[in-house]
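Undergrad: Structure incoming, see below.
Where a number appears in this text, it was derived from the coordinates with a stated rule and is not lab data. From a predicted model like this one, the values you see are computed outputs, not experimental measurements. Don't worry about glycine lacking a Cβ; one is built from the backbone with ideal geometry, like all the others, and counts go over all protein chains shown.
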Amino acid sequence: MLSRTNQSLAQLVCTFVLMAAFAAPLRAADKPNILFIFADDHAYNTVHATGNAQIKTPNLDRIAKSGTVFTHAYNMGGWHGAVCVASRTMLNTGRFMWRARDAEKTLKSDWQANGKLWSQLLAKAGYDTFFTGKWHVRADTGAIFKYANHVRGGMPRQTRQGYDRPHEGKPDPWDPADPKFGGFWQGGKHWSEVVADDAITYLDTAKKSDNPFFMYIAFNAPHDPRQAPRKYVDMYPWKTIDLPLPFNKQIPHSIVPNGLRDERLAPFPRTQYAVKVNRAEYYAIITHMDAQIGRILDHLEKTGQKDNTYIVFTADHGLACGHHGFMGKQNMYDHSVRVPFFIAGPTIPKGKSNPAAIYLQDVVPTSLDLAGVKTPDYVEFKSLLPLISGKRDRSYDAVYGAYTMTQRMVTQDGWKLLVYPQKDVTLLYNLKNDPLEQHNLADKAEHAGRIAKLRAKLLALQKEMGDPLVVESTSQ
């Protein structure tokens, strides 16, 4: 055990090393590589290393143990049902949610044309840039990245057999391991394997270049249709899967319509059987994706590029997959707004866990800092390096969340306020005592002052972020 004095000294040394490493401009040949691995629909609570004992994720565990885990990484939300579009637009522009929505209108004519997108900033700094997988942004990968392969617009095509299933006691029309349904197997090989193949091929190409690389590796997994080879499906018999809590047969307060695409994947009312089966398939596709990430990590080591590479793993948003009666991510509960976030590399402390609230899009200024590139003024997210070094213990006073004009959220100091203006519903959760958000405290008289304080904070954040919806009602 280090003494308090030695701990403080070590923290100061770490701070100095990080600041010194990136204080002066770096020549291209001296810059580190950046490997960004991005998942789709991957909830924070579905990685073994961060507390889910049922799921097998040995390669994500490798990244987590070799670097720093940010346990409270958030996506702000979305302006329509495809929440990934908002998340990825924020990611590539560096803009907060509503200004990212505005930026989306001119992504090609302004952002792309003027070299303002994330990968373009790194390209200007001497990086060779590479992309493969899910894009779902209104800009052209061919004009943004030096290399791009197998660019996917969105989710693999779901089939009618993949909806409203399974029903206990009846034959299941869907088989997540059968390639005949297409989806992730459209084209002949599972898309996660294609992404890994592309990344491995590019690592061989990058080895021959004098320039550092920026790789944006975007898996479609574990988005539905949640398909994986039989080996992985068989790892998770549905009877062995824990029921996600809280388990609701219906969506609370009807805050999203039952007809929303994601919600039609499982039958209403929800059954324990259907939820467990869907969750088993969710775990299977995550473990299959994890194996592909392992192939990439192994090849990074094999080519001798690992020691000079920063690796970030995160996802565009989470997924309920049975929590609270939801199947999708069109809500503000933690299972849908929080994501795994791991960062590892030459100057990143190993085996550390950081509870500071961050947004996943903070990876943008972080990568620019690591590359020795000045972050443009229009980038609103914040670098993680001051948090990693201990120079700062928080980046944001509170976390803001929004979904369309129907839901708003603020999280601050272990408390969370959810507001549904059109339903005239307010929910309050003590996240320290109730991390699964099972017990609404909004109707308790002793919390009236706290609700008022959180509403005031939400209103301030809405004004700061240009939120078109103003939540001022005090009704509960």
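Undergrad: For ARG165, list long-range residues whose amide hydrogen, built 1.01 Å from N in the peptide plane, is under 5 Å from its own amide hydrogen.
TA: When sequence neighbours closer than 5 places are left aside, the close amide H contacts are ALA266.
Undergrad: Using a 10 Å cut-off around each Cβ, can you sort ASP210, ASP30 from fewest to most neighbouring Cβ atoms? Walk me through the numbers on the way to the answer.
TA: Numbers: ASP210 8, ASP30 11.
Listed from fewest to most nearby Cβ atoms, that is ASP210, ASP30.
Undergrad: What is the sum of charges around ARG99, taking Lys and Arg as +1, Asp and Glu as -1, for the other residues whose C-beta is under 12 Å from the C-beta of ARG99?
TA: Working: positive: ARG95, ARG101, LYS105; negative: ASP102, GLU104, GLU380, GLU464, ASP467.
In short, -2.
Undergrad: Got a sec? How would TRP238, TRP118, TRP185 order by Cβ neighbour count within 10 Å, fewest to most? Please list the in-between numbers first.
TA: Values: TRP238 16, TRP118 24, TRP185 19.
The fewest-first ordering by Cβ neighbours comes to TRP238, TRP185, TRP118.
Undergrad: Test of understanding: ordering THR68, THR132 by Cβ neighbours within 10 Å, fewest first, what list do you get? Can you show the working numbers first?
TA: Numbers: THR68 20, THR132 26.
Lowest count first: THR68, THR132.
Undergrad: Restrict the search to segment 394-442; then list the trypsin sites (Lys or Arg not before Pro) that DSSP places in a loop and that have at most 16 other Cβ atoms within 10 Å of their Cβ.
TA: ARG394, LYS423, LYS432
Undergrad: A further question on this structure: For log10 I(q)/I(0) by the Debye sum over Cα atoms at q = 0.07, 0.08 Å⁻¹, pick the label among (i) -0.42, -0.54; (ii) -0.48, -0.58; (iii) -0.35, -0.46 that corresponds to the value derived from the coordinates.
TA: (iii)
Undergrad: When the helices in the chain are scored as -39500 (n - 2.57) per DSSP H run of 4 or longer and the sum is shared across all residues, what 222 nm value do you end up with, to the nearest 500 deg cm²/dmol?
TA: Details: 13 runs with 145 residues, N = 476.
Helices in the chain give a 222 nm mean residue ellipticity of -9500 deg cm²/dmol.
Undergrad: Here's another thing I want to ask about it. With +1 on the Cβ of every Lys and Arg and -1 on the Cβ of every Asp and Glu, and nothing else charged, how large is the dipole of segment 306-409 about its Cα centre, in debye rounded to the nearest 20?
TA: So the dipole magnitude of segment 306-409 works out to roughly 220 debye.
Undergrad: Count charges around ALA143 for me, please; just the other residues with Cβ under 15 Å from its Cβ, Lys/Arg as +1, Asp/Glu as -1. Mind dumping the intermediate values first?
TA: Numbers: positive: LYS108, LYS116, LYS124, ARG138, LYS146; negative: ASP110, ASP140.
Once all neighbours under 15 Å are counted, the net charge is +3.
Undergrad: Given the C-alpha centroids of segment 351-389 and segment 194-266, what is the distance between them in whole angstrom?
TA: The distance from the Cα centre of segment 351-389 to that of segment 194-266 comes to 25 Å.
Undergrad: Where the centroid of each part is defined by its Cα atoms, how far is segment 154-192 from segment 110-147 in Å?
TA: After rounding, the separation between the Cα centres reads 32 Å.
Undergrad: Let me ask something additional. Taking only C-alpha pairs under 8 Å that are 6+ residues apart, what is the relative contact order of the chain in percent? Intermediate values should be presented prior to the final figure.
TA: On the way: 955 pairs, mean separation 117.4, N = 476.
Result for the chain is 25 percent.
Undergrad: Given charges of +1 on the Cβ of Lys and Arg and -1 on the Cβ of Asp and Glu, with all other atoms neutral, how large is the dipole of segment 4-396 about its Cα centre, in debye to the nearest 20? Please list the in-between numbers first.
TA: On the way: 48 positive and 36 negative charges, 58 e Å.
Here segment 4-396 has a charge dipole of around 280 debye.
Undergrad: Which of MET409, ASN211, PRO166 sits farthest toward the positive end of the charge dipole of the chain, with +1 on the Cβ of Lys and Arg and -1 on the Cβ of Asp and Glu?
TA: ASN211
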